[in-house]
Structure formats: structure tokens, C-alpha cells
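Undergrad: Handing you this structure, nothing more for now.
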Amino acid sequence: MTRTYLIKPVLDHHYPAITHGEGIYLYDSQGKQYIDGSSGAVTASIGHGVQEIIDAMAEQSKKVSFVYRSQFTTEAAEQLAKKISEIAPGNLNWSFFVNSGSEATETAMKIAIQYWQEKGMKTKSKIISRWMSYHGITMGALSMSGHIQRRERFELMLESYPSISAPYYYRDAGHRTITECDDFYAQQLEKEILRVGKDHIAAFIAEPMIGAAGGALTPSDEYFLKMKDVCDRYEILFIADEVMTGVGRTGKMFGMEHFNVIPDIMATGKGMSAGYTPIAAAVVSDKVMEPILNGSKIVMSGHTFSANPQSAATSLAVLNYIEKHNLVENSAVNGAYLKGKIRELAEESEIIGDVRGKGLFVGVEFVENKLTKKTFDRGLDIVNKIVEANFEEGLLVYPANAGEDGLTGDAIILAPPLTITKEEVDELVRKFAVALRNVEREVLG
Ligand code: PLP
């Protein structure tokens, strides 16, 4: 094999080279076709090779591809910020553009801290998060994340932020009702605030539905109402991390819309540009901006590529495309269809313990024993087996196991492009069923 100069995720793993993509399909240099059943990392939301986006990108390139945000603004960035204020719930009217979801959550964290500083409360600087969560890979974002595998090498360098349980009814309910679980989670939040002191906590951050660290873990309709009530009582901002769940993925424009709670700050990324270019945003409410606008007038963050016009024009074209083709509705309808089909498979399967999620964000958890919910032996690496077996069949699925602790379940996420048709869902499910049978044959004998 010719040598590589590229540092890839696993250095001794062979990664086929993709030559092109079209719609929900990707093609490698050997001519193999893959259904992009996970939109990559839950990102390629409108599918591959969409001509309207390519045209919009070329159009912007002809005008200008880069200006420095400390010197100029551009029509593309202004229009994108306006569009986001229109599609975001409540008064989330202000966008700070960055390049990745990690930067978006970290910027959200900094803005939350700055909000309290502007109001004269300088000790409010910690962020409460949940121990099954993923908010990004940079040090600030990782400090807020409860993803054991991604944290463990850097643990000593991370901030020790307070952390509470995630809503994981599949394992927590049973001996308790869902309502009792929710009350327990809210009490935990309150206890943690009292332990650390409300004067030290700036914000509570949560993914509406937990992605990489849980496999589309979905809270009840009441969960966020109860959590937000605690936040309000102790003057703590609520940051929704919509990096994975935002922009139609769950069958609503933003995941929090399912739960009737409007965050003070929202992070979004991934599907915002559907992967056509790197861009993400911290979207800030009028309430949070007010003391900053009346105070220092500066949000102390920013990157060279922040508000990049090329990326902004691309993202705007993607958001317009989603609206024009009713893709949020398609996510709700074909997502429900996909979940139903996977649930049918689960009834037959001896190793699918739980199927969850909303819209085209479907989590599947695997267990050795469906009755006891016992997880597979860690050495077996069941998630990897499932991912590899699907890969063999030409179907990409997203691994979502956060730790080696034996408590966190083994799950994958199915999150195909929001453009997927019913027939394409059927094709996806057929491939998934073959891969599932192959893994069952191997692990059950
Ligand atoms: N937040 C959530 C919920 C995510 O799922 C991710 C990535 O998977 C991130 C933040 C980090 O985003 P990025 O990988 O673009 O830095």
C-alpha cells in the first residue's frame, strides 16, 4: 500500500476513498455504493451533490470568499443571521458564527459567563452538564461533556464541572415511573446547584436528545419543563446544544421545540450547512444580549473564519433548500416510518433492547439479554461489530457508546439525509436487517 500522510481516526484501519456522492448515496473508488444512513456524523442533512447548493457556493466565490469580521460585515453573514433569527424559537435573535459544534458550545459557555459578569455577578462561571453528553472536543467543550472515552486522556486538564444524570428511561425506569425519573433528575439538578452554590453556576447545558453519548436518548414531554423550572428558580441560564438535533433532524426545526422550552442560548452546527462547508453558531436570546449591548458591547470570542461569507452563503442556501422542499416535515413523517420498521425488526431480534428517537434521529440500543438489559461483554465491542457489519452491506450507521463503564448502553444512530424517500427507507432497513442477522449469528452462535 502506498504510504499516507494523513492522520486518520484509527491509524491502522483501512478507510476506502470516496469519489463522489449523490442524494443519500456515497460511492468509493472501488465502485461500492453506500447508503449514508447516518448523514456522516449526522451532518449531510440534504444529501450529497445538490446542484442548488453548489451554484450558491460558486456564486459567493465569485463575489468574495473571505473578509475579516473585525474589519467588515457581508451580506451573506447578515442574511444568514436574519434567517436563523426567523427559524429559531422565541427571541433567539442573535448569531455568533464559528466553524464547528465544539466552538459553538464553547462560545455559548463564554457568552453565558459574560452575561453574568455584565450583570456584576462575576463568580457565576461553572456550567452544569449531564454525565452522558457530548458537547465537543476542545477543552472547554470537553469539560462540559460526559463522554468517558473522549475525556479520559485529558481528564487532568479539564475543568471539573458539576454533572448530573441524563434521562435514560430504558435503564432508569421500570422500578420507577417516568414521572418519578423526571422528578429525580430535577432534584439532582437542584441538589447539585445547592452543593456548588448558585452564585458559582452560570448555566445548565443539555442536548435536547442525547446523540454520541447515548444514541438518541429522548426525554419525556415534561423533563425539560422541570429542569428549566429549577434553572429559573436559581438564576441559571439554559443552553440547548442543538449541534446534532438542530435544523430539522428530529422532525422539528430545533429539537427543543418538542419539549416546549425555549433556551437562553442555543448551539447549532452540523446540519446547518449539511456538511457543504464548516459553519456553526451560538444563537443568543435578546435577554442574554441585553446586558452585553448595554455594557461592554463586545462578545469576547471569535475565530479567523468566524462569519466567513463563503460558509454563510452556503448555510443560507441549505436552510432555504430545507424550507423549500419541506424537509422538516419529511423528517417527521419518514422518521416515524423508519422507527416503526426498526421496531418491527426489534421484536424479532434477540439483541435489540430499545428503539428510540424522533424524526430521522433513531437510536437503537443492543443488549445481551433483553429481559435483564445486560450489556454485552466490553471485549466484544458490539457497537463496532454492528457498524462494520452494516458497512459491509453498504450502509453507514453512527456509533454512540460513551464509555467502558458497563452502565452506558451500546447504541447506534440511524440518521439518513432528511431528503430520504419511503422507498429509500425500505432499502436502508433491508440492509440493516441483513447486517443485524449477521451479527446475531456471530454473537449468539
Ligand atoms: N455538540 C453535539 C451535541 C455534538 O453531537 C457534537 C459533535 O458530534 C458537538 C457538539 C461537536 O461538534 P463538532 O464535532 O462540529 O466540533
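The values are calculated or read from the model by the stated rules, or taken from the named source; none is laboratory data. Note that the structure is a prediction, hence the values are computed from the model and not measured. FYI the Cβ positions are ideal-geometry reconstructions off the backbone, even for glycines, and counts take in every protein chain you see.
Undergrad: Which of the residues that make up segment 92-149 are of a type in the set (D, E) and closer than 15 Å to M266 by Cβ? Even if it seems obvious, please write down each step before you answer.
TA: Taking segment 92-149 first, the residues of a type in the set (D, E) are 103, 106, 118.
If the condition is that a residue be of a type in the set (D, E) and closer than 15 Å to M266 by Cβ, then E103, E106 are the ones that fit.
Undergrad: Here is a further query. Which of the following residues is within 28 Å of H325 (Cβ to Cβ), at pLDDT 95 or above and assigned by TED's automatic domain parsing to the domain that holds H258: G23, G90, G37?
TA: On the way: G23 fails: assigned by TED's automatic domain parsing to the domain that holds H258; G37 fails: assigned by TED's automatic domain parsing to the domain that holds H258.
None of the other options fit; the residue is G90.
Undergrad: So, one more: Is it the case that some residue within segment 88-103 is among the hydrophobic types (A, V, I, L, M, F, W, C), in contact (Cβ under 8 Å) with a residue 12 or more places away in the chain, surrounded by fewer than 20 Cβ atoms within 10 Å (Cβ to Cβ) and more than 16 Å from the ligand (Cβ to nearest atom)? Break it down into steps so the answer makes sense when it comes.
TA: First, the residues of segment 88-103 that are among the hydrophobic types (A, V, I, L, M, F, W, C): 88, 92, 94, 96-98.
Those still in the list that are in contact (Cβ under 8 Å) with a residue 12 or more places away in the chain too: 88, 92, 94, 96-98.
Retained after the next criterion (residues that are surrounded by fewer than 20 Cβ atoms within 10 Å (Cβ to Cβ)): none.
No: segment 88-103 contains no residue that is among the hydrophobic types (A, V, I, L, M, F, W, C), in contact (Cβ under 8 Å) with a residue 12 or more places away in the chain, surrounded by fewer than 20 Cβ atoms within 10 Å (Cβ to Cβ) and more than 16 Å from the ligand (Cβ to nearest atom).
Undergrad: I've got another one for you. Does segment 316-369 hold any residues that are in a helix (DSSP H, G or I), within 22 Å of G214 (Cα to Cα) and among the basic types (K, R), and which are they?
TA: Those that are in a helix (DSSP H, G or I), within 22 Å of G214 (Cα to Cα) and among the basic types (K, R): K339, K341, R343.
Undergrad: I've got another one for you. So N390 fits all but one of (1) assigned to a helix (DSSP H, G or I); (2) surrounded by fewer than 21 Cβ atoms within 10 Å (Cβ to Cβ); (3) touching a strand residue (DSSP E or B) at 6+ places or on another chain (Cβ under 9 Å); what number is the exception?
TA: Of everything listed in (1) assigned to a helix (DSSP H, G or I); (2) surrounded by fewer than 21 Cβ atoms within 10 Å (Cβ to Cβ); (3) touching a strand residue (DSSP E or B) at 6+ places or on another chain (Cβ under 9 Å), N390 misses just condition (2).
Undergrad: Hey, could you check segment 33-57 for residues that are assigned to a loop (DSSP other than H, G, I, E, B) and among the β-branched types (V, I, T) and say which is nearest to A415 (Cα to Cα)? First the steps, then the outcome.
TA: Step one: of segment 33-57, the residues assigned to a loop (DSSP other than H, G, I, E, B) are 36-38, 43-47, 49-50.
Filter once more, so that each one left must be among the β-branched types (V, I, T): 43, 46, 50.
Numbers: T43: 9, I46: 11, V50: 18 Å.
Filtering segment 33-57 for residues that are assigned to a loop (DSSP other than H, G, I, E, B) and among the β-branched types (V, I, T), the one nearest to A415 (Cα to Cα) comes out as T43.
Undergrad: Hey, among the residues in segment 234-259 that are among the charged types (D, E, K, R), in a loop (DSSP other than H, G, I, E, B) and within 15 Å of the ligand (Cβ to nearest atom), which one's farthest from S145 (Cα to Cα)?
TA: Checking each candidate, the answer is R249.
Undergrad: If you don't mind, there's one more thing I want to ask. I'd like the residue in segment 260-271 that is in contact (Cβ under 8 Å) with a residue 60 or more places away in the chain and more than 11 Å from the chain's Cα centre (by Cα) and, out of all such residues, is nearest to the ligand (Cβ to nearest atom).
TA: Filtering segment 260-271 for residues in contact (Cβ under 8 Å) with a residue 60 or more places away in the chain gives 262-271.
Restricting the remaining residues to those that are more than 11 Å from the chain's Cα centre (by Cα) gives 262-266.
Working: I262: 18, P263: 13, D264: 17, I265: 13, M266: 11 Å.
For segment 260-271, the residue satisfying everything is M266.
Undergrad: As an exercise: evaluate F72 against (1) touching a residue at least 24 places away in the same chain (Cβ under 8 Å); (2) under 30 Å from V299 (Cα atoms); (3) aromatic (F, W, Y) and give the number of the one condition it does not meet.
TA: (1)
Undergrad: For M121, state whether it is within 12 Å of the ligand (Cβ to nearest atom) and either in contact (Cβ under 8 Å) with a residue 24 or more places away in the chain or in contact with a strand residue (DSSP E or B) (Cβ under 7 Å, 6 or more places away or on another chain) (or both).
TA: no
Undergrad: Working only within segment 196-233, note down all residues that are in a loop (DSSP other than H, G, I, E, B) and among the hydroxyl-bearing types (S, T, Y).
TA: Step one: list which residues in segment 196-233 are in a loop (DSSP other than H, G, I, E, B), which gives 197, 207-209, 211-216, 218-222.
Across segment 196-233, the qualifying residues are T218, S220.
Undergrad: Continuing with the same structure: With the checklist (1) touching a Phe, Trp or Tyr at 6+ places or on another chain (Cβ under 7 Å); (2) at pLDDT 95 or above in hand, flag the one item A213 doesn't pass.
TA: Exception for A213: condition (2).
Undergrad: Taking E192, is it assigned by TED's automatic domain parsing to the domain that holds I164, within 16 Å of P162 (Cβ to Cβ), acidic (D, E) and touching a residue at least 40 places away in the same chain (Cβ under 8 Å)? Steps first, answer last, please.
TA: Working: assigned by TED's automatic domain parsing to the domain that holds I164: yes; within 16 Å of P162 (Cβ to Cβ): yes; acidic (D, E): yes; touching a residue at least 40 places away in the same chain (Cβ under 8 Å): yes.
Answer is yes for this residue.
Undergrad: Further question on the same structure: Here are some residues: R356, R343. Which one is surrounded by fewer than 19 Cβ atoms within 10 Å (Cβ to Cβ) and not β-branched (V, I, T)?
TA: On the way: R356 fails: surrounded by fewer than 19 Cβ atoms within 10 Å (Cβ to Cβ).
The match here is R343.
Undergrad: Restricting to segment 194-217, what's the tally of residues that are surrounded by 24 or more Cβ atoms within 10 Å (Cβ to Cβ), out of contact with any Leu (no Cβ under 8 Å at 6 or more places or on another chain) and not acidic (D, E)?
TA: Within segment 194-217, the subset surrounded by 24 or more Cβ atoms within 10 Å (Cβ to Cβ) is 201-217.
Pick out the ones that are also out of contact with any Leu (no Cβ under 8 Å at 6 or more places or on another chain) and you get 201, 205-208, 211-217.
From what's left, not acidic (D, E): 201, 205-206, 208, 211-217.
Within segment 194-217, residues that are surrounded by 24 or more Cβ atoms within 10 Å (Cβ to Cβ), out of contact with any Leu (no Cβ under 8 Å at 6 or more places or on another chain) and not acidic (D, E) number 11.
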